[in-house]
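Notes to accompany the following structure.
Bear in mind that the values in this text are calculations on the coordinates, not laboratory data. Keep in mind that this is a model prediction, so the values were computed, not measured. Cβ sites come from the backbone with ideal geometry, for glycine too, and all protein chains shown count toward neighbours.
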């Protein structure tokens, strides 16, 4: 069986820069995600909107070179603070989230359908036509938020990426996973 996160990335990666086709696929993607999420939404929210103020503080880089993989992990420098902070606010029904990320280098900002993975844990997958930070034709990422207690959550952001080997002209997989934590609070609207 294919894991849910893989299905989301595979489906979202089909979006192309062509605006007309992208729009149709975006509608199909929203319908697909809503159908997928519907059974999990029962009991997933208490009817309150929730705001997550998130700060990314660590990067894990995975890269392929031919058939080999390399990995590294490092803290995100405080000097990059403008690139580290963003907010996610869910609606009262727990179906959608508004993301605000300035400057939005990973193109996460916007309103996105939520997929509930478990009570207190959801994911969404922004997908847009390029140009992008780590890809050329389309941008896609997987964002997961997991509540760990009443006022705190953990977050991971995994944008799709590729790297061009200048010598061979071949593409390799490049993933820079950003990890962090969020202050979590209920919002009255």
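Expressed in nm to one decimal, what extension gain is obtained for the pair residue 183 and residue 148 from 0.36 nm per residue of sequence separation less their Cα-Cα distance? Could the numbers behind the result be given before it?
Details: separation 35, 0.36 × 35 = 12.60 nm, distance 1.04 nm.
Difference between extended and current length: 11.6 nm.
What is the list of residues in the range 57-72 whose amide nitrogen lies under 13 Å from a point 7 angstrom out from the Cα of residue 170, following Cα to Cβ?
In the range 57-72, the label zone of residue 170 (backbone N under 13 Å from the point 7 Å along Cα→Cβ) covers 64-69.
Once the convex hull of the alpha carbons of the range 46-121 is built, what does its volume come to per residue, in cubic angstrom? If you can, show how the numbers build up before the last one.
Working: hull volume 10.3 nm³, N = 76.
Spelled out: Cα convex hull of the range 46-121, divided by residues, is 135 Å³.
Given a Förster radius of 30 Å and the C-beta distance between residue 64 and residue 111 as r, what FRET efficiency does 1/(1 + (r/R0)^6) yield to the nearest 0.05?
Working: r = 33 Å, r/R0 = 1.10.
Taking R0 as 30 Å, the efficiency between residue 64 and residue 111 is 0.35.
Using the Cα gyration tensor of the range 93-184, with a ≥ b ≥ c the square roots of its eigenvalues, what is the shape: rounded (a/c below 1.5), prolate (a/b larger than b/c) or oblate (neither)? Display every interim value, and only then the final one.
Details: a/c = 2.53, a/b = 2.02, b/c = 1.25.
Here the range 93-184 falls in the prolate category.
Once you sort the root eigenvalues of the Cα gyration tensor of the range 134-182 as a ≥ b ≥ c, which label holds: rounded (a/c under 1.5), prolate (a/b larger than b/c) or oblate (the other case)?
Working: a/c = 5.85, a/b = 3.35, b/c = 1.74.
Prolate.
For the ranges 70-77, 169-176, 96-103, what's the packing order if you count other beta-carbon atoms within 10 Å of each residue, average per peptide, and put the highest first? Don't jump to the answer; show the numbers that get you there.
Working: 70-77: 10.8, 169-176: 14.0, 96-103: 15.8.
Packing proxy ranking, top to bottom: 96-103, 169-176, 70-77.
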